[in-house]
Structure formats: structure tokens, C-alpha cells
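Novice: Quick one: the structure is below, questions incoming.
The values are calculated or read from the model by the stated rules, or taken from the named source; none is laboratory data. Given the structure is predicted, the values throughout are model-derived calculations rather than measurements. Ideal geometry is used to build each Cβ from the backbone, glycine not excepted, and the neighbour counts take in all protein chains shown. Please note that ligands, DNA and RNA were not included when accessible areas were found on the heavy atoms of the full protein model with its side chains. Shrake-Rupley method; radii C 1.70, N 1.55, O 1.52, S 1.80 Å.
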Protein chains: 2
Amino acid sequence: MIATETKKGARNGVDTPTLFATLDAVKGQPELAKFQFRVSNRWLSGTNSRSRVETFRGAGGEHAHKGDYTYETDHPSVLVGQDNAPTPVEFLLHALAGCITAGIANIAAARGITLTEVTSRVEGDIDLLGLLGLSKDVRNGYQGIKATFEIKGDAPAEKLKALVEQSRARSAVFDVLTNGVPVDIQVQAA
Amino acid sequence: MIATETKKGARNGVDTPTLFATLDAVKGQPELAKFQFRVSNRWLSGTNSRSRVETFRGAGGEHAHKGDYTYETDHPSVLVGQDNAPTPVEFLLHALAGCITAGIANIAAARGITLTEVTSRVEGDIDLLGLLGLSKDVRNGYQGIKATFEIKGDAPAEKLKALVEQSRARSAVFDVLTNGVPVDIQVQAA
């Protein structure tokens, strides 16, 4: 757990003192930890749509990101889309890589390890017989995801590997992808 | 199931004849349905990293997207990041909205319904006591996701609502998020 690590100064671009101060603040006022993230989406044409990342709630208030972030998604031409953007399922792989990598940097900073490089490759296998409605025995989504991390820094290999393991054990995206989450869908039609 | 709907011409920007031809091709040669999607990621600094969407395999071959797609992710300043990009968990919401919206357009086209507007808002609630290591009783990821779709087109409300339901029932991202998927993580450290 990050909060119990030895405190060090800023490292890996992580403002460690502020990170620990934040953890202390949340310990004293747990309701600060309740966050809500939001995205809106608008259909463009065919399988192409565009999402906007909206404000989020947390730490006792509403916050806007410092940038205005919009992302499209589409199906590739081999799946009869226009390929104007990556597929929705590719964004799941990006989310996984980004979440575990952010955790690695935070945990390394907390443990006094300076990183020089973290790269990863994430692959997801999917059999489209499911989502195409051609087989009831095949699920709609990925059947498996494999992520391979390469990590370099000023610590022995075992300590570097332990960073990835600890990040995985605290990753929001890894948790959601492996354990699932209730999703409620409402519709207004006119 | 898309494949059993009445065939119509292109509609909603969906090339319906090609969609049905693709389904027929996959029915005759199910190994065409096996896809692998891939993303690579590189740590930048702090909690900031950048993913590149790589080539994908499927339909019997390797394919490059028509564009070169890279996406960053970061933690917000309130969570001691630089807020150079949205959080990893926000990309999960984008993936969900995009996947269900693409399905709505495909299914509407197959059913001969012309859509005029599809918008959605997706919210994910997360209690950071889990991922911060401050409570063992709180999960790391979202506790729940709520998606609200608004859909307009030339069909009665019940038929429009049924499009969303059928898309949900065939959505790869909805399946992964609600049912989970095995994720294997390997590490090379130096």
C-alpha cells in the first residue's frame, strides 16, 4: 500500500510529498474518495461516434479537466465500418495499459525507485461469432487479454517486477476488466 | 440477430448489403471471426503515458488502421497527476458508449429504421479508498456504471428502445465490463 511506504521526495515525475499528503487527507475524511467520472457520446454516422470527457466529481467538489478531450471510435472496414477511429474494444486495452503504468510510476516513487522506461503491449483475443450472433456458445467480448510489461530502473529485477504486481493489485481498470461491474442502461426514445 | 433481419439497402451510414455479405462469409468460414486487437504503451512521466493502437489480426489476415492513432492518459491534479489527458477509467466509459452506439446504428440499418440522433451519457462511480489502499472492503474499480441513451428515428419509441436492448445484448464492451475477462500480465525487468 502506497500510504505505508517510506516517504521520499518527488521522483519519476510524481509529486510524492503531495501524494502522501493527499492520502493522509483522505484517511481523515473518507468521503473525499468518492468520485464520479462521466463521458457523453454522440453518434456521427454508421458505426462512428464521438465521446466527450465531461466534468468529474470527487475530493468534495466538481472538477473540469484542464483540456477539452474528445475521442471518436468506429469499426474497421473489414467489419463494414469506415475505420475513422479505433474500435471500442481497443480503448479497453489502452485503459488497462495506462492504469497499470500510472500505478507503477506512483508506487516506484513511493518506494524510492527511479524508473528509466516502462513500456507495454496489450493484446485482446475476440471471436466475433458471438457478437455477430452466429454462435450462442461464443461470448460477445474478449476471451482473454494478455499484457506484457518491460520495466527499467535503478532497482534489482525482482523489485521492478514487484512494482508491476503491486500496481496490478491496486488497478481500477484491472479490477473492472477481470471482475466485472454492474452496468445499468436506461433509454429515452422519441 | 443481425443476420436474420430483413435485408435493406444502406441506411444510417451503414453499408447493409456488405454487412450481410460479411455475415454470410463468416458463416461459411468461422475462422474468419477470430480477431486480435493490440495496443502498445509507453510511460511519459508521472502518471502520464501514451498508447498507440497497433495492427490487428482478423478476417484471415493482418490489418493496419487507416489512421495512426495514439492516446494519452493521466491522473487529474486532484489525484496528484498532471491532468495531461483523461484518466484510464474514463476511457472505459468512452468504450462502452461507442460500442453500444455502433451496434444501435448497425441494428437499425438491418431493421430498416432510419436514425436521426443517438446520444448518451455514461457515469461511473468509484470510491478511491480501494485503490489508494485505505480500505480492504472497497474494490479498486467502479462500483457501478450508469448509461443513459437518447435515441430518435422513424420508428415508434418501443422499436427504438429495442435497438438499444439488442445492441446491449451483442456488445463486446458491455460483456467485458459486466462479466469480466481473464487478464494475464507478464513482466520483463532489467
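Novice: Restricting the search to the stretch A:154-172, which residues are buried (at least 22 other Cβ atoms within 10 Å of the Cβ) and either without any contact (Cβ under 8 Å) to a residue 12 or more places away in the chain or outside any helix (DSSP H, G or I) (or both)?
Specialist: Selection gives A:SER171 alone.
Novice: So, one more: Between B:ALA105, B:ALA85, which is touching a residue at least 60 places away in the same chain (Cβ under 8 Å) and either at the interface with another protein chain (Cβ under 8 Å from one of its Cβ atoms) or touching a Cys at 6+ places or on another chain (Cβ under 6 Å) (or both)?
Specialist: On the way: B:ALA85 fails: touching a residue at least 60 places away in the same chain (Cβ under 8 Å).
Just one listed residue meets the conditions, B:ALA105.
Novice: Residues in the stretch A:57-66 that are assigned to a loop (DSSP other than H, G, I, E, B), in contact with a helix residue (DSSP H, G or I) (Cβ under 8 Å, 6 or more places away or on another chain) and facing chain B (nearest Cβ under 7 Å): how many? Outline the logic, then answer.
Specialist: Step one: list which residues in the stretch A:57-66 are assigned to a loop (DSSP other than H, G, I, E, B), which gives A:59-60, A:64-66.
When the remaining residues are screened for being in contact with a helix residue (DSSP H, G or I) (Cβ under 8 Å, 6 or more places away or on another chain), the result is A:59-60, A:66.
Then drop every residue that is not facing chain B (nearest Cβ under 7 Å), which leaves A:59, A:66.
Of the residues in the stretch A:57-66, 2 are assigned to a loop (DSSP other than H, G, I, E, B), in contact with a helix residue (DSSP H, G or I) (Cβ under 8 Å, 6 or more places away or on another chain) and facing chain B (nearest Cβ under 7 Å).
Novice: Please indicate, with yes or no, whether at least one residue in the stretch B:68-77 is assigned to a helix (DSSP H, G or I), more than 7 Å from chain A (Cβ to nearest Cβ) and over 21 Å from B:SER171 (Cα atoms).
Specialist: Step one: list which residues in the stretch B:68-77 are assigned to a helix (DSSP H, G or I), which gives B:77.
Filter once more, keeping what is more than 7 Å from chain A (Cβ to nearest Cβ): B:77.
Subset that is over 21 Å from B:SER171 (Cα atoms): B:77.
Yes, there is a match, as at least one residue in the stretch B:68-77 is assigned to a helix (DSSP H, G or I), more than 7 Å from chain A (Cβ to nearest Cβ) and over 21 Å from B:SER171 (Cα atoms).
Novice: Condition (residue is of a type in the set (A, V, I, L, M, F, W, C), out of contact with any Lys or Arg (no Cβ under 8 Å at 6 or more places or on another chain), at pLDDT 95 or above and not in a strand (DSSP E or B)) applied to the stretch A:78-90: is it met by at least one residue?
Specialist: Filtering the stretch A:78-90 for residues of a type in the set (A, V, I, L, M, F, W, C) gives A:78-80, A:85, A:89.
If we keep only those that are out of contact with any Lys or Arg (no Cβ under 8 Å at 6 or more places or on another chain) as well, we get A:78-80, A:85, A:89.
From the residues that got through so far, the ones that are at pLDDT 95 or above too are A:85, A:89.
From the residues that got through so far, the ones that are not in a strand (DSSP E or B) too are A:85, A:89.
Scanning the stretch A:78-90, I find at least one residue that is of a type in the set (A, V, I, L, M, F, W, C), out of contact with any Lys or Arg (no Cβ under 8 Å at 6 or more places or on another chain), at pLDDT 95 or above and not in a strand (DSSP E or B), so the answer is yes.
Novice: Which of the residues that make up the stretch B:36-56 are part of a strand (DSSP E or B) and either farther than 21 Å from A:ASN140 by Cβ or polar (S, T, N, Q) (or both)? If you could, list the steps in order and put the result at the bottom.
Specialist: So in the stretch B:36-56, the residues part of a strand (DSSP E or B) come out as B:36-45, B:48-53, B:56.
Once the filter is applied, which keeps residues that are part of a strand (DSSP E or B) and either farther than 21 Å from A:ASN140 by Cβ or polar (S, T, N, Q) (or both), the stretch B:36-56 yields B:GLN36, B:SER40, B:ASN41, B:ARG42, B:TRP43, B:LEU44, B:SER45, B:ASN48, B:SER49, B:ARG50, B:SER51, B:ARG52.
Novice: Could you say whether any residue in the stretch A:70-81 is open to solvent by 50 Å² or more (accessible area, probe 1.4 Å), of a type in the set (Val, Ile, Thr) and over 25 Å from B:GLY130 (Cβ atoms)?
Specialist: So far as the stretch A:70-81 goes, yes, one or more of its residues are open to solvent by 50 Å² or more (accessible area, probe 1.4 Å), of a type in the set (Val, Ile, Thr) and over 25 Å from B:GLY130 (Cβ atoms).
Novice: If you don't mind, there's one more thing I want to ask. Which residues, taken from the stretch B:129-153, are open to solvent by 10 Å² or more (accessible area, probe 1.4 Å) and hydrophobic (A, V, I, L, M, F, W, C)?
Specialist: Answer for the stretch B:129-153, where residues must be open to solvent by 10 Å² or more (accessible area, probe 1.4 Å) and hydrophobic (A, V, I, L, M, F, W, C): B:LEU129, B:LEU131, B:LEU132, B:LEU134, B:VAL138.
Novice: Restricting attention to the stretch A:26-35, report how many residues are part of a helix (DSSP H, G or I) and among the charged types (D, E, K, R). Outline the logic, then answer.
Specialist: Start the filter on the stretch A:26-35 by keeping residues that are part of a helix (DSSP H, G or I), which leaves A:26-28, A:30-33.
Filter once more, so that each one left must be among the charged types (D, E, K, R): A:27, A:31.
Count: 2.
Novice: Then there's this: Among the residues in the stretch A:9-22, are any of a type in the set (S, T, N, Q), out of contact with any Gly (no Cβ under 9 Å at 6 or more places or on another chain), surrounded by fewer than 18 Cβ atoms within 10 Å (Cβ to Cβ) and more than 30 Å from B:ILE104 (Cα to Cα)?
Specialist: If we filter the stretch A:9-22 for residues that are of a type in the set (S, T, N, Q), which is where we start, we get A:12, A:16, A:18, A:22.
So of that shortlist, the ones also out of contact with any Gly (no Cβ under 9 Å at 6 or more places or on another chain) come out as A:18, A:22.
After this cut, where a residue has to be surrounded by fewer than 18 Cβ atoms within 10 Å (Cβ to Cβ) as well, the list is A:18.
Next, from what is left, pick out any that are more than 30 Å from B:ILE104 (Cα to Cα): A:18.
Yes, there is a match, as at least one residue in the stretch A:9-22 is of a type in the set (S, T, N, Q), out of contact with any Gly (no Cβ under 9 Å at 6 or more places or on another chain), surrounded by fewer than 18 Cβ atoms within 10 Å (Cβ to Cβ) and more than 30 Å from B:ILE104 (Cα to Cα).
Novice: Please find, within the stretch B:136-190, the residue that is nearest to B:THR114 (Cα to Cα) out of those that are more than 7 Å from chain A (Cβ to nearest Cβ) and among the small types (Gly, Ala, Ser).
Specialist: Checked the stretch B:136-190; the qualifying residue nearest to B:THR114 (Cα to Cα) is B:GLY153.
Novice: Something else now. Looking at the stretch A:23-56, which of its residues are farther than 15 Å from B:THR87 by Cα, in contact with a His (Cβ under 9 Å, 6 or more places away or on another chain) and more than 7 Å from chain B (Cβ to nearest Cβ)?
Specialist: A:ASN48 - this is the single residue of the stretch A:23-56 that is farther than 15 Å from B:THR87 by Cα, in contact with a His (Cβ under 9 Å, 6 or more places away or on another chain) and more than 7 Å from chain B (Cβ to nearest Cβ).
Novice: Next question, about the same structure. Going through the stretch A:173-190 one residue at a time, which ones are among the acidic types (Asp, Glu) and in a loop (DSSP other than H, G, I, E, B)? Break it down into steps so the answer makes sense when it comes.
Specialist: Filtering the stretch A:173-190 for residues among the acidic types (Asp, Glu) gives A:175, A:184.
Across the stretch A:173-190, there are no qualifying residues.
Novice: Let me ask another. Does A:GLY130 qualify as being more than 7 Å from chain B (Cβ to nearest Cβ), part of a helix (DSSP H, G or I) and out of contact with any strand residue (DSSP E or B) (no Cβ under 7 Å at 6 or more places or on another chain)? I'd like the intermediate steps shown before the answer.
Specialist: Working: more than 7 Å from chain B (Cβ to nearest Cβ): yes; part of a helix (DSSP H, G or I): no; out of contact with any strand residue (DSSP E or B) (no Cβ under 7 Å at 6 or more places or on another chain): yes.
Here the answer is no, as A:GLY130 does not meet what is asked.
Novice: Shifting gears a bit: For the stretch B:100-119, what are the residues that are closer than 27 Å to A:THR55 by Cβ and either open to solvent by 10 Å² or more (accessible area, probe 1.4 Å) or not in a strand (DSSP E or B) (or both)? Write out each step before concluding.
Specialist: Taking the stretch B:100-119 first, the residues closer than 27 Å to A:THR55 by Cβ are B:100-102, B:104, B:117-119.
Answer for the stretch B:100-119, where residues must be closer than 27 Å to A:THR55 by Cβ and either open to solvent by 10 Å² or more (accessible area, probe 1.4 Å) or not in a strand (DSSP E or B) (or both): B:ILE100, B:THR101, B:ALA102, B:ILE104, B:GLU117, B:THR119.
Novice: Another question, if that's okay. Keeping to the stretch B:27-47, report how many residues are over 30 Å from B:THR73 (Cα atoms) and open to solvent by less than 10 Å² (accessible area, probe 1.4 Å). Give the derivation first.
Specialist: At the first step, the residues of the stretch B:27-47 found to be over 30 Å from B:THR73 (Cα atoms) are B:27-33.
Those still in the list that are open to solvent by less than 10 Å² (accessible area, probe 1.4 Å) too: B:33.
Residues flagged as over 30 Å from B:THR73 (Cα atoms) and open to solvent by less than 10 Å² (accessible area, probe 1.4 Å) within the stretch B:27-47 amount to 1.
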